[in-house]
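Visitor: I have a structure I would like to understand better, so I am pasting it below and will then ask my questions one at a time.
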Amino acid sequence: MVDTMSSISESHRLVVVGGGVAGLDVATHVARKGTGDRQLEVTLIDREPAYVWKPMLHTIAAGTSDAGAQETVYAAQARGHGFRYEYGEAIGVDRYAREVKLAPLVIDGEEIVPTRTISYDTLVLAVGSRANDFGTPGVAEHCASIDSRSDAIAFNDRLRVELVKSVGAGQPLTVGIVGGGATGVELAAELIEAAAVVEQYGVFGASNHLRVVLIESGPRLLAPFPEKVAAAAQTKLEQLGVIVRTGTRVIAVDPTGFRLSGDELVSAGLKVWAAGIKAPPLLDSLNDLERTRSGQLVVGPTLAVPRDPHIYALGDCASPQLPGRDTPVPATAQAANQHARYLCRHLPALIAGKQVRPASYQDFGSLVSLGGFDAYGTLGRFGFFEGGFIRGRVAQLGHAMLYRSYQARLHGLWKGTLLWLIDTLGRRVRPNARLS
Ligand SMILES: Cc1cc2nc3c(=O)[nH]c(=O)nc-3n(C[C@H](O)[C@H](O)[C@H](O)COP(=O)(O)OP(=O)(O)OC[C@H]3O[C@@H](n4cnc5c(N)ncnc54)[C@H](O)[C@@H]3O)c2cc1C
């Protein structure tokens with residue numbers, strides 16, 4: 001019945017859930033395309049009104065970047081690129097009825113829009129990931145996460161209040177971060193930088209009052225990076241005053257801090273959980289499909305779900321099984337980006353039932369940026385300088401280029417370059433930390 005309905009409709013309803021690195025790219029570039037005989041009618045669903053490039057969320061959390069200056073507003077992007085934007089949180093997918101269910105929209109306690117469903121002919125899931133608490137008691141109640149634009153803004157609101165309070169009271173403020181991956185490492189450095197900046201704007205003593213403790217259960221920081229990168233990052237963090245505790249497992253969190261085995265307590269006024277990743281709860285409604293241990297949907301070589309050709313998944317929420325690759329594709333912006341480009345190019349043909357080449361993944365290296373202090377990285381397995389170690393300005397530029405090329409892709413080269421210029425000029429005329 002559903003098949004007949006969709007084949008006689010004039011357009012093909014493509015619904016993209018999640019407008020992040022992958023989903024926003026797909027919605028932007030696939031809208032206005034056709035599948036041969038039918039026009040694609042694209043709807044993007046996101047629970048936020050705007051997107052901030054996720055790899056810069058730690059700078060929003062620390063306050064060294066301003067979300068308002070960096071965000072892409074979905075309604076504006078939709079208007080400019082010919083897709084529809086639906087504001088709301090997707091809470092379920094009924095793959096037999098081909099419907100996505102959205103939670104009611106509640107603003108200031110008032111229900112503005114009731115629960116609703118959106119029908120699709122093809123569904124693209126790009127809902128990203130969130131930190132994994134591995135069932136540790138107390139994390140949900142006492143720890144902040146830096147998984148979304150709203151999380152990062154909310155953390156910064158609290159950080160600024162707590163820092164001013166601690167300076168006023170003459171007491172130190174300890175920020176404890178669990179997870180020594182890129183998020184934890186980058187956030188630790190950014191917090192040190194933020195304290196130094198706000199000190200210049202009147203919060204005298206902020207640097208002396210802020211303590212940052214970074215806790216990692218593994219034997220070293222930055223496990224997916226080469227040892228040299230991890231060692232350089234740890235040395236730099238320690239020079240900056242960050243207390244790094246590797247090989248340290250948190251068994252519970254309470255209002256005072258992190259409980260370790262042996263009943264040791266690491267006290268922390270502000271607690272951040274940035275360890276591991278797991279897929280968002282939305283994917284639990286697809287429990288009859290194959291998923292990994294961290295909940296990602298297993299997809300085939302064209303990023304379609306093997307048992308449901310009407311559903312595609314990419315980015316952090318997916319685990320693609322690609323020809324010639326026996327290790328998982330990493331959950332990075334780099335992979336989300338490559339697979340978004342693949343779907344932008346091939347999705348119309350796939351929907352039209354044509355054969356296309358399988359997706360692939362190429363590792364162009366990884367970079368970690370310690371605020372304005374330093375950056376380190378490797379050049380990946382491709383290219384002339386295969387596997388080379390880079391640091392300093394070159395690595396910082398490489399990190400910045402990831403973001404700038406994403407902006408250019410979303411907005412076009414001209415507007416992307418203009419945004420870069422405005423940002424650079426803005427940093428010269430505005431305070432370089434969020435102060436209000
Ligand atoms: C601090 C930090 C630094 C990082 N640095 C790097 C880096 O240097 N290099 C790198 O390659 N990667 C980096 N990453 C990882 C990278 O950000 C992710 O791999 C990438 O963003 C994944 O893209 P995505 O499109 O899958 O998900 P996201 O970009 O996270 O987008 C997911 C979108 O889905 C929306 N969403 C989620 N659930 C729902 C729902 N139920 N209903 C509606 N909307 C929903 C979210 O609001 C969001 O807009 C970093 C991550 C963090 C947190």
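Visitor: Springs between alpha-carbon atoms under 10 Å, Gaussian network over the chain: tell me which of G388, G34, G416 tops the mean-square fluctuations.
Guide: It is G388.
Visitor: Round to the nearest 0.05 the FRET efficiency obtained for A252 and E10 when R0 = 51 Å and r is the Cβ-Cβ distance.
Guide: Once the sixth-power term is evaluated, E becomes 0.35.
Visitor: Hey, if you drop one equal point scatterer on each alpha-carbon of the chain and run the Debye formula without solvent, what base-10 log of I(q)/I(0) do you get at q = 0.08, 0.10, 0.13 Å⁻¹?
Guide: Each listed q corresponds, in turn, to -0.47, -0.74, -1.23.
Visitor: Once you place label points 7 Å from the Cα toward the Cβ at F364 and A76, how far apart are they in nm?
Guide: With each label placed 7 Å out from Cα toward Cβ, I get 2.6 nm.
Visitor: Then there is this: Given a 1.4 angstrom probe, I'd like the percentage of the accessible area of the chain that is carbon and sulfur, rounded to a whole number.
Guide: That fraction is 54 percent.
Visitor: Moving to a separate point now. Within the stretch 209-233, list the residues whose amide N lies under 15 Å from a label point set 7 Å along Cα→Cβ of F389.
Guide: Correct set: 221-222, 225-233.
Visitor: I've got another one for you. Where nothing but the Cβ of Lys and Arg (+1) and of Asp and Glu (-1) is charged, how large is the charge dipole of the stretch 291-436 around its Cα centre, in debye to the nearest 20?
Guide: 380 debye
Visitor: Take the chain, connect every pair of alpha-carbon atoms lying under 10 Å apart with a spring to form a Gaussian network, then pick out the residue of A274, A31, A340 with the largest mean-square fluctuation.
Guide: Between A274, A31, A340, it is A31 that shows the largest mean-square fluctuation.
Visitor: Can I ask one more? If you take every DSSP beta bridge fully contained in the chain, what fraction is antiparallel? Give it as a percent rounded to 5.
Guide: 50 percent
Visitor: Using a 1.4 angstrom probe, figure out how much accessible area the chain has per residue, in square angstrom, rounded to the nearest whole.
Guide: On a per-residue basis, the chain sits at 47 Å².
Visitor: Once both axes come from the Cα atoms, what is the angle between helix 392-411 and the longest principal axis of the chain, in degrees from 0 to 90, rounded to 10?
Guide: 30 degrees
Visitor: Could I ask something else about it? How far apart, in nm, are two points set 7 Å out from the Cα along the Cα-to-Cβ line at D326 and at D94?
Guide: A separation of 4.4 nm, rounded to one decimal place.
Visitor: With springs only between Cα atoms under 10 Å apart, run a GNM on the chain and tell me which of G170, G184, G377 wobbles the most.
Guide: For the chain, modelled as a Gaussian network with Cα springs under 10 Å, the answer is G170.
Visitor: Between E264 and D157, what length comes free when the chain is fully extended (0.36 nm per residue of separation minus the Cα-Cα distance, one decimal in nm)?
Guide: Residue separation times 0.36 nm, minus the Cα-Cα distance, leaves 35.6 nm.
The values are calculated or read from the model by the stated rules, or taken from the named source; none is laboratory data. It should be emphasised that the depicted structure is a prediction, and the values quoted were computed from it without experimental measurement. In this analysis, Cβ positions are derived from the backbone assuming ideal geometry, glycine residues included, and neighbour counts consider all displayed protein chains. What goes into the accessible areas is simple: the full protein's heavy atoms, side chains included, and nothing from ligands, DNA or RNA. Shrake-Rupley method; radii C 1.70, N 1.55, O 1.52, S 1.80 Å.
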